[in-house]
Amino acid sequence: MASGNRGGVPASMWGGLLVGGIVAAILGIIVIFNPFDSVRFLTVVVGIAFVVAGIFGIVASIRGTSRMGALGPIVALIGGIVLIVVPEGSVKTLAVIVGIILLAFGIVTIVGAVGARQDGGWGPALVGAVLAVLGLIVIVWPGPTLALIAILVGISVLVSGIGMIAQAFRLRSLRR
């Protein structure tokens with residue numbers, strides 16, 4: 001009996017991967033077909049993502065591996081905490097909060113990137129500009145934007161779940 005390893009997951013773990021893939025696929029379908037009912041859940045997930053991005057950005061800034069500074073990540077961290085603590089607000093209010101966070105994070109990222117542009121890297125400034133534009137779009141059209149985001153997140157979770165299921169079956173065949 002071979003115990004192959006594919007993608008960093010031992011072949012003996014195929015059952016857990018299969019269950020995780022099925023759960024992810026089901027959650028993706030639920031979000032796709034109930035985007036507004038899924039907003040509270042998605043708000044907390046987005047909040048967690050902002051907190052994680054903020055923490056990693058702050059750590060990178062402290063270690064000196066980020067040219068953007070700590071202000072943008074601090075904005076993301078605070079915004080993420082707000083989304084986690086107050087997820088039950090209205091759809092439009094939550095969308096506007098996300099939009100404001102994206103806009104502020106984008107602007108601060110642009111300012112930090114332009115100020116630290118010693119080696120000609122415009123990547124961080126471009127990322128900041130995209131975040132700021134997305135923030136403005138969300139602020140102007142909060143309801144439809146959040147529903148679209150919910151559907152896109154649902155599709156990505158569904159696709160990830162299907163990929164996990166496929167990988168589980170490949171691992172199962174390696175185990176035999």
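Can you put 109, 93, 43, 145 in order of Cβ neighbours within 10 angstrom, beginning with the fewest?
93, 145, 43, 109
Among 13, 164, the order by Cβ neighbours within 10 angstrom, fewest to most, reads 13, 164. Computed from Cα atoms, the angle from the helix 123-140 axis to the main principal axis of the chain rounds to 90 degrees. Considering all different alpha carbon pairs of the stretch 132-172, the Kirkwood hydrodynamic radius works out to 12.0 Å. For the chain, take the convex hull of the Cα atoms, compute a quarter of its surface area, and give me that in nm², please. So the Cα hull casts an average projection of 11.9 nm². By the beta-carbon count within 10 Å of each Cβ, the least crowded to most crowded order of 122, 14, fewest first, is 122, 14. Listed values for the stretch 152-161 are Karplus-derived 3J(HN,Hα) couplings in whole Hz (6.51 cos²θ - 1.76 cosθ + 1.60, θ = phi - 60°), namely 5, 5, x, 5, 5, 5, 4, 4, 4, x, and x replaces Gly and Pro. Between helix 39-63 and the chain there is an angle of about 70 degrees, using the helix long axis and the longest principal axis of the Cα atoms. Compared with the dominant Cα axis of the chain, that is its longest principal axis, helix 71-85 is turned about 60°. For the chain, relative contact order (Cα pairs under 8 Å, six or more residues apart, normalised by length) works out to 39 percent. Rounded to whole numbers, the Karplus 3J(HN,Hα) couplings from phi for the stretch 22-36 are 5, 4, 4, 5, 5, 4, x, 5, 4, 5, 4, 8, 9, x, 6 Hz, using 6.51 cos²θ - 1.76 cosθ + 1.60 with θ = phi - 60°, and x at Gly and Pro.
Throughout, read-outs are computed from the coordinates displayed, never taken from laboratory work. These numbers were taken from a predicted model, which means no experiment stands behind them. All Cβ positions, glycine included, derive from the backbone under ideal geometry; neighbour counts span all protein chains shown.
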